[in-house]
Number of protein chains: 4
Amino acid sequence: MFNRTNEAKVLRDPIHEYIHISYQVIWDCLNSREFQRLRRIHQLGGNFQVYHTAEHSRFSHSLGVYEIVRRMCYEVENINNSLNEFEKIQVMCAGLLHDLGHGPFSHMFESITQKSHEDITMELILDEKTEVHQVLKKEHTNLPNLIVSILNHSHPNQMLSQMISSQLDADRMDYLLRDAYETGTSYGKFDLERILRTLRVKDGNLCVKESGMHSIEDYIMARYHMYWQVYLHPDAKSYEILIELFIKRYQKIRNQIKIQSLELLFEPLTSDSFYLLDENRLFYSFQQALFCEDEELKDLANRILNRHLLSFKEDEKLNGHYQYVYIEQQMEQDYLPYHENKDPIWILNKNNECIPISKCSEIVKALLRMETKTKKRIFYN
Amino acid sequence: MFNRTNEAKVLRDPIHEYIHISYQVIWDCLNSREFQRLRRIHQLGGNFQVYHTAEHSRFSHSLGVYEIVRRMCYEVENINNSLNEFEKIQVMCAGLLHDLGHGPFSHMFESITQKSHEDITMELILDEKTEVHQVLKKEHTNLPNLIVSILNHSHPNQMLSQMISSQLDADRMDYLLRDAYETGTSYGKFDLERILRTLRVKDGNLCVKESGMHSIEDYIMARYHMYWQVYLHPDAKSYEILIELFIKRYQKIRNQIKIQSLELLFEPLTSDSFYLLDENRLFYSFQQALFCEDEELKDLANRILNRHLLSFKEDEKLNGHYQYVYIEQQMEQDYLPYHENKDPIWILNKNNECIPISKCSEIVKALLRMETKTKKRIFYN
Amino acid sequence: MFNRTNEAKVLRDPIHEYIHISYQVIWDCLNSREFQRLRRIHQLGGNFQVYHTAEHSRFSHSLGVYEIVRRMCYEVENINNSLNEFEKIQVMCAGLLHDLGHGPFSHMFESITQKSHEDITMELILDEKTEVHQVLKKEHTNLPNLIVSILNHSHPNQMLSQMISSQLDADRMDYLLRDAYETGTSYGKFDLERILRTLRVKDGNLCVKESGMHSIEDYIMARYHMYWQVYLHPDAKSYEILIELFIKRYQKIRNQIKIQSLELLFEPLTSDSFYLLDENRLFYSFQQALFCEDEELKDLANRILNRHLLSFKEDEKLNGHYQYVYIEQQMEQDYLPYHENKDPIWILNKNNECIPISKCSEIVKALLRMETKTKKRIFYN
Amino acid sequence: MFNRTNEAKVLRDPIHEYIHISYQVIWDCLNSREFQRLRRIHQLGGNFQVYHTAEHSRFSHSLGVYEIVRRMCYEVENINNSLNEFEKIQVMCAGLLHDLGHGPFSHMFESITQKSHEDITMELILDEKTEVHQVLKKEHTNLPNLIVSILNHSHPNQMLSQMISSQLDADRMDYLLRDAYETGTSYGKFDLERILRTLRVKDGNLCVKESGMHSIEDYIMARYHMYWQVYLHPDAKSYEILIELFIKRYQKIRNQIKIQSLELLFEPLTSDSFYLLDENRLFYSFQQALFCEDEELKDLANRILNRHLLSFKEDEKLNGHYQYVYIEQQMEQDYLPYHENKDPIWILNKNNECIPISKCSEIVKALLRMETKTKKRIFYN
């Protein structure tokens, strides 16, 4: 019923060997300008300033998430049987498109625009002016709405949302593996094959057979290590703070000083303007600022372009006067590898019952008892 | 005599595990603005349009070349003993800095500016206004000149040039391994450890012990495969042609239509303007062109940003009328994995004599006898 | 129609990640005593004396061949469609069982018994007394005969034989990858995924799409390198020569001196005696020989157990008197990575015609023109 | 002062790329008959019955331990400076030789002979009749004693013992990496490079810089996973139990029935008899038992040779009558990835103080709080 590509398309990928595409709607989404724009957004924001090879984009990651969703749909017998073709297409599209709304240096962008990337993603999919919307609509009138309902967890089949966004989802699985590969750390590796092999559906929920529990523990530890080694690295944060300070400084002085390429950031956000807001524009703007008349903006631009980072201290007081001070509060949930509140990872035991992993894994039990506290980091210069 | 860093610095790298830095002058070069600029130039130009993960920069590659040179200097006993500390510093700097002069989309940039990237590299190193020059000069008055003499093969110690640029140099060894890793192909892999272990110096020339010959054959085959699978891929070429056509179109109409960010490309090249000429500027300019009044420029910008590539044919005639036609002549030397003219790879045989590899390897002998012909590729739309 | 296992069985394997088994007959063959015996035969004979980690058995390799055949059958669309279920079972069994007839230190064993391992394999499959025969027969009366006809190339469907034994077969593909992995060399690696992806059936023959030609070139080079680096290594040969000399010496003196465990080697070969002839028996016998009264046998046993190898020379004369001299003639075909006589690798070109790879690959063309000569190696002490 | 080999020897190894040997005494130990014997003892006992590729020997592992010790000695600046040449030789020998005393199927052998493999190792090193003793003695009269003092923790320099046997020693580091590689699981992998880079000496004790703490956590988790996935696997245990039952049955009936090759096991242990006690002898004996007149011994032999394992239950009662019953009590310490009693892993904090890892790692803290209980496994048939 749904259009297939003439022949199966494959894209070489270092994480999954190949990305396999056989539906036309997937291929067309991939070629939409909203999706191609993701090539111009770094997956790891400022992290390439710490791990110099972490230069990969959200484009690559999005393809990876799609591929894991596709494998779940077709290689996990249980899921294969419980979803119809249309549901599979919906969830594969949702996997591919879930990061469409990321702005340049996402955190900064969200704080300036006061909009979450999740909301922007959904708006782009629903906006009749976007290519991606038109592609989806052409395949099935209701496809844009259904994909959005997967992304905002209102889809009648909850499992589809779990595949994209839960404690054990295609999103995290791809980014852990990919970010580990691209940074050259070994910490993010875990046994994706075994997780897929032991994944099951039980009463409409994803769960993992008991024999796969160790691979889940390994995956949770991978998360833990990647948080500490990569995602929360102070130098990456320091770099992103410089960008945030730059934009805020510009915001303050833009009635006196104009950098034309930056102005778009302060206009009302539309799908057209969002398409143009990428990291190339920001970097070009940093260059422009090198020649402006505001000393602070100039200094920040120079720091960003030539990697003069802020210093930082942990849980300490800062004495004396500084040009820049930025205090970051880290919440417990930011650095815990696994939370178990409304959304546990379910283990299917030998009696065919689903129990939360914290009830059967000594490791997870121990992790959840970890002493955590709110941490403060001060960045300054 | 030469300044060392307080403690050895190490940078994580997926190809070499770690990049090791213990000289202050290396560290300072790395932090110079000319070197940091390399983060904003893709290593493989338009290739990330074919292999979506090939998003790495010349910054990473340059660090890798440095690391291989460093290992040659210290881990190859023979080289370690035959070079003094100053020579080692010269050649490590030359490895680190050899790609400094690459413009955005190098081939296009060279054709617009009529300057080779090699020449620009040397000019930057010699230009008293660059940070990199100042860093080198501070360490030793003659260091900039000596590095340039390595790069242009006029250094009294020819071996230093061979380490950076020959048929078996640190440059190629790093890029084959790195490009294979980043594209996710296995073709570029070869046994770097064994090559380093069998590398020797004989009468002031680099050579390889006979027991390492098979690893050299493997390396030559890796080159062959990477040429065909990656470097000469028609879609990558097609993308770069679009960029070249874009710039040439703009050049033609720039007295009527102005894209401010592009103008720098047509001003006299200085170290200051070169610093600003990176790929972010180009991509920002493509965006700007979407709103210009020249239909052709607009169309080309749209093609570049959203990956609408040209079609191509091989060794055939093109009939009919087309908007864009670009004919590429490939020379034999462009796709031969190994040439043996003035600069062979030397094999040190059991009698302690150096002979060209083509005299002892049946594989290389066979490769050099390969029938090659000039090939023509037509790109069009 | 054919019995399936209760649930799919999977065996962890470093080369293929998992070996997948879903037919009962495969599972039962694997558990037969003839197959379990393969755990007691080294895959690479004496090579673990050169590459100390090359300690893997023919059991592991046989599972790997089965797995590649299985993937050919189900993952290559073209093959999947052109074979019926019974043919798939036949060829999977043939892949699994093809090495059943290897004796301990195969070459030596063949020279003593004057029987090829291929013949013994077929005899075991046809012999009503073997467990493996009974297992096959139970599944289908004609299964033993059909498997034998695949192995001796008399099966009506020639393609089945090509999958097991041709210039591009599951046997070689597994052993190159496995032996490279276990020795720790990188030379044997090639892109199995891409070969499988480009494999096709045309007029009942296996062939490879033109777009896969480079991966075939890579595979042929992998063969070339493994021959020279691993399979023909003089120290491995030297070790096997010691074993051959030992057995021949014993044969000569066994009317005076008896080593009970060795006597079986000289009795008529039956499926029962063959089951008992493994490498444990040989090694136990070498130990026993340490205490015998023949000085030469004792010396050879000591050399084998404690790795005192023979010296060797290449293409030279041997002067003087030596206790042991063994001259080996290497034929061209022993060290050529690819021959093209009756059995070429076929490339399917864009016009849908099959042509031998030597007609379209410059690399293969060059390799076939390689100058080869008969080589002589003298082993002595 | 100490003899060096003519040129550095290197052995290819998949875990460490190369094993580097430059001292004659190491080379001679490696060539001693006691060390060569280790090729005939599986590293993982019966585990190759579960993970079919786990066929590697204690020979390979011992070389790996040596290599890690060597790297600690020369690549960890701190250790390099704090040890003299003789101490380095002692500890490298101790690493190489530490497993010399393992009998065939070690656990079974220890229970029959009532001697630990550690004691046998030390006896072999001290026994004037062994080749390994003579090699060591020739290099330095006191070398055998000093190595033994490292192994039994009585050496004046405690750090040498820590390098070989502690919570973070070369032994475990090699076997985790090697066993993971050979089984094809990813669980045992951890970042050896980073551990070596952050290893320090403080007040004569090994410790790890705070910046390496995450790699230690990763290593401890690797231990945890390898215990559960590999070392404690019930099928491996089941196989070893069959061997133990076989030997015990034979012991009981050996006054009626004689298997000559087994008798050596019940004679007084000497260095000469120990040399002959390897796994080939056992496997040959199992074959012999197939023809004996004791039905139970015959059945056990058949089970061992053809992999008919016992069933098993966990923490349950066994009802009914069975031919074989074997109850195993697992102690807490058998399956805890890390204990912290007398021998913690020390972390060197920023104030240059050593603190036990359990005081600074939340993960380790959590692990030590894991609820553990004595577990019972029943194997039966």
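One table, with the values for the structure above:
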{"item": "Which numbered condition D:HIS321 misses (of (1) away from chain C (no Cβ under 11 Å); (2) more than 17 Å from D:ILE112 (Cα to Cα); (3) part of a helix (DSSP H, G or I))", "result": "(3)"}
{"item": "Among residues of region B:217-260, those that are of a type outside the set (Asp, Glu) and closer than 28 Å to C:SER211 by Cα, counted", "result": "23"}
{"item": "Complete set of residues in region A:177-201 that are of a type in the set (S, T, N, Q), assigned to a helix (DSSP H, G or I) and crowded, with 22+ Cβ neighbours inside 10 Å", "result": "A:THR183"}
{"item": "Residue list for region D:5-32, restricted to those being of a type in the set (A, V, I, L, M) and within 11 Å of another protein chain (Cβ to nearest Cβ)", "result": "D:ALA8, D:VAL10, D:LEU11, D:ILE15, D:ILE19, D:LEU30"}
{"item": "Residue match in region B:20-29 (condition: crowded, with 20+ Cβ neighbours inside 10 Å and either modelled with pLDDT under 95 or assigned to a strand (DSSP E or B) (or both))", "result": "yes"}
{"item": "Unique match (being in contact (Cβ under 8 Å) with a residue 12 or more places away in the chain and more than 15 Å from C:HIS214 (Cα to Cα)) among C:ILE357, C:ILE347, C:ILE378, C:ILE363", "result": "C:ILE378"}
{"item": "Residue identified as within 20 Å of D:TYR231 (Cβ to Cβ) and facing another protein chain (nearest Cβ under 10 Å) among D:LEU367, D:LEU290", "result": "D:LEU367"}
{"item": "Per-region count, region A:135-158, residues closer than 30 Å to A:ARG194 by Cβ and either touching a Cys at 6+ places or on another chain (Cβ under 9 Å) or buried (at least 20 other Cβ atoms within 10 Å of the Cβ) (or both)", "result": "4"}
{"item": "Count of region B:265-287 residues which are within 12 Å of chain A (Cβ to nearest Cβ) and over 24 Å from the mean Cα position of the chain (by Cα)", "result": "4"}
{"item": "Test result for B:VAL65, more than 28 Å from A:GLN287 (Cβ to Cβ) and either surrounded by fewer than 22 Cβ atoms within 10 Å (Cβ to Cβ) or in contact (Cβ under 8 Å) with a residue 40 or more places away in the chain (or both)", "result": "no"}
{"item": "Residues (surrounded by fewer than 21 Cβ atoms within 10 Å (Cβ to Cβ) and touching a residue at least 60 places away in the same chain (Cβ under 8 Å)) located in region D:249-265", "result": "D:GLN251"}
{"item": "Which listed residue is away from every other protein chain (no Cβ under 12 Å) and either crowded, with 16+ Cβ neighbours inside 10 Å or at pLDDT below 95 (or both), from A:PHE2, A:PHE35", "result": "A:PHE2"}
{"item": "Selection from region C:302-330 of residues that are more than 16 Å from C:HIS233 (Cα to Cα), surrounded by 10 or more Cβ atoms within 10 Å (Cβ to Cβ) and among the basic types (Lys, Arg)", "result": "C:ARG303"}
{"item": "Where B:PHE312 falls short, out of the listed (1) closer than 30 Å to B:ILE195 by Cβ; (2) in contact with a Pro (Cβ under 6 Å, 6 or more places away or on another chain)", "result": "(1)"}
{"item": "Failed condition for A:GLY45, given (1) more than 9 Å from chain B (Cβ to nearest Cβ); (2) modelled with pLDDT of 95 or more", "result": "(2)"}
{"item": "Residues satisfying the stated conditions in region C:139-160, i.e. in contact (Cβ under 8 Å) with a residue 24 or more places away in the chain and assigned to a helix (DSSP H, G or I)", "result": "C:GLU139, C:LEU143, C:LEU146, C:ILE147, C:VAL148, C:ILE150, C:LEU151, C:GLN158, C:MET159, C:LEU160"}
{"item": "All positions within region B:48-58 that are within 8 Å of chain A (Cβ to nearest Cβ) and at pLDDT 95 or above", "result": "B:TYR51, B:HIS52, B:THR53, B:GLU55, B:HIS56, B:SER57"}
{"item": "Exclusive hit being touching a Leu at 6+ places or on another chain (Cβ under 9 Å), away from every other protein chain (no Cβ under 14 Å) and not hydroxyl-bearing (Ser, Thr, Tyr), set D:LYS129, D:LYS137", "result": "D:LYS137"}
{"item": "Sole exception among (1) away from chain D (no Cβ under 14 Å); (2) within 23 Å of C:ASN80 (Cα to Cα) for C:ASP174, by number", "result": "(1)"}
{"item": "Qualifying residue in region A:339-356 (condition: within 30 Å of B:PHE35 (Cα to Cα) and either surrounded by 15 or more Cβ atoms within 10 Å (Cβ to Cβ) or more than 14 Å from chain D (Cβ to nearest Cβ) (or both))", "result": "no"}
{"item": "Selection within region A:202-243 - more than 14 Å from every other protein chain (Cβ to nearest Cβ) and either crowded, with 20+ Cβ neighbours inside 10 Å or within 19 Å of the chain's Cα centre (by Cα) (or both)", "result": "A:LEU206, A:CYS207, A:VAL208, A:LYS237, A:SER238, A:GLU240, A:ILE241"}
{"item": "Cross-chain or 6+ apart pairs with Cβ under 7 Å, region C:295-315 first and at positive phi and within 11 Å of chain D (Cβ to nearest Cβ), then modelled with pLDDT of 95 or more and surrounded by 16 or more Cβ atoms within 10 Å (Cβ to Cβ)", "result": "C:ARG307/D:GLN36"}
{"item": "Residue selected from region D:59-74 under the condition more than 10 Å from chain C (Cβ to nearest Cβ) and among the aromatic types (Phe, Trp, Tyr), by the criterion nearest to C:GLU17 (Cα to Cα)", "result": "D:TYR66"}
{"item": "Those residues of region C:125-138 which are touching a residue at least 12 places away in the same chain (Cβ under 8 Å) and either in a loop (DSSP other than H, G, I, E, B) or in contact with a Phe, Trp or Tyr (Cβ under 7 Å, 6 or more places away or on another chain) (or both), in sequence order", "result": "C:ASP127, C:LYS129, C:THR130, C:VAL132"}
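The values are calculated or read from the model by the stated rules, or taken from the named source; none is laboratory data. As the structure is a prediction and not an experimental result, all values here were calculated from the model. FYI the Cβ positions are ideal-geometry reconstructions off the backbone, even for glycines, and counts take in every protein chain you see.
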